[in-house]
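The values are calculated or read from the model by the stated rules, or taken from the named source; none is laboratory data. Bear in mind the structure is a predicted one, so any value in this text is a computation, not a measurement. Cβ atoms come from the backbone with ideal geometry, glycine included; neighbour counts cover every protein chain shown. Ligands, DNA and RNA are stripped out before the accessible areas are found, and what is left, the full protein with its side chains, is counted by its heavy atoms. Shrake-Rupley method; radii C 1.70, N 1.55, O 1.52, S 1.80 Å.
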Amino acid sequence: MTNDETDRIRKDWDSQANSWYEQRESLLTASRPIHEWLVDHLEPMDSQRVLEIAAGPGDTGFLAARRLGNGRLVSTDIAPAMVEAARNRGVELAIENADYRVLDAQAMDVNDASFDGVLCRWGFMLMPDPAAAFCECRRVLVPGGRLVFAVFTGPDENPFASIPARILVEAGHLAPATPRWQPGILALADRSRLQTLLDGAGFASTHIEGVDMTWTFIDADAYWAFLVDLTALGPLLRSLSEEARNAVRDAINLRLVSFTRADGIELPSRCWGGIAIR
Ligand SMILES: C[S@@+](CC[C@H](N)C(=O)[O-])C[C@H]1O[C@@H](n2cnc3c(N)ncnc32)[C@H](O)[C@@H]1O
């Protein structure tokens, strides 16, 4: 990965950090099934050390921290503003057994075999080199330690991401997917690719299963704000001219009709939940 790519990713996520912090409660509510699946399968225990990578505002790790007793959570992210958001969130939740660090998950400045567990929700698919990140996770785990993570599955199961992505491709604002690896919200949808990455990292045993959730929005404006302020498509949407942005927004609204209910918009979503044991 080049320094330019790292800088761009860091800047993009720094620019989203305030919104992630502001939306923390609604994000937590929507994502509770995957959030709980991750922490239940991590099986955190008293006195263990847990590393969360790509933690954003840190809520998944904080749920684990509550079960660590005298143990410790290290909450990390590549974007310094996200690390600050997590620090603020930790204070707000009165989490006392957490440390915070800026850390690139693809090249961790962390000793070998120094954690009992690693957590990562919605991170690996956004990295230019997920193979390196999986290898790093294995390296920092103690023998028998576990990585528990979530990435999104395919476009049909995740219209919240595939509707805008298809429209951006059709309008020529986004390059169509190619066999070459490109990071993105749905980039690790292919289960066999995910399995190959886990096998390549050398984990002793692995398990992958589907976990469902639903994104709900009070109206199309709230969904648009979510796309622009919180998702990996946000920087691209913000960079469009007003005319192009309005055209994309109108096209998205047309495709939301079948997901509109009396009290708002409901977009189903599915993740691959993964467990990998060193
Ligand atoms: C979609 S957000 C998920 C945040 C959080 N895990 C959650 O589920 O609420 C993706 C996060 O990955 C982080 N990220 C992207 N590339 C990274 C990398 N190479 N190393 C560490 N964090 C990274 C971003 O800064 C961002 O905070």
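Numbers for the structure displayed
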{"read-out": "Ala131-Glu242 FRET efficiency (beta carbon distance; Förster radius 30 Å; 0.05 resolution)", "value": "0.15"}
{"read-out": "The chain, Cα convex hull volume normalised per residue, Å³", "value": "120"}
{"read-out": "Amide proton proximity set for Ser75, modelled H, under 5 Å, gap of 5+", "value": "Glu52, Asp99, Tyr100, Arg101"}
{"read-out": "Semi-axis lengths (Å, descending) of the ellipsoid that matches the C-alpha gyration tensor of the range 205-255", "value": "28, 15, 10"}
{"read-out": "Relative contact order %, the range 134-198, counting alpha carbon pairs below 8 Å whose residues are six or more apart", "value": "39"}
{"read-out": "Kirkwood hydrodynamic radius (C-alpha pairs) into Stokes-Einstein, the range 1-117, 20 °C and 1.002 mPa s, D in µm²/s", "value": "148"}
{"read-out": "Accessible area of the range 77-228 belonging to carbon and sulfur atoms, whole % at 1.4 Å probe", "value": "52"}
{"read-out": "Of Arg67, Arg146, Arg138, the one that fluctuates the most in a GNM where the chain has Cα springs shorter than 10 Å", "value": "Arg67"}
{"read-out": "The range 35-180 - accessible surface per residue (Å², probe 1.4 Å)", "value": "38"}
{"read-out": "Förster radius 22 Å - calculated FRET efficiency between Lys11 and Asp190 (Cβ-Cβ, nearest 0.05)", "value": "0.20"}
{"read-out": "Local electrostatic count, Ala55, Cβ distance below 9 Å [Lys/Arg +1, Asp/Glu -1]", "value": "-2"}
{"read-out": "Between helix 130-140 and the chain: long-axis angle, C-alpha atoms, 0 to 90°, nearest 10", "value": "20"}
{"read-out": "nm² value of the averaged projected area, convex hull over the Cα atoms of the range 56-205", "value": "10.1"}
{"read-out": "Karplus-derived 3J(HN,Hα), 6.51/-1.76/1.60, for each residue of the range 54-63, Hz, glycine and proline x", "value": "6, 6, x, x, x, 4, 5, x, 5, 4"}
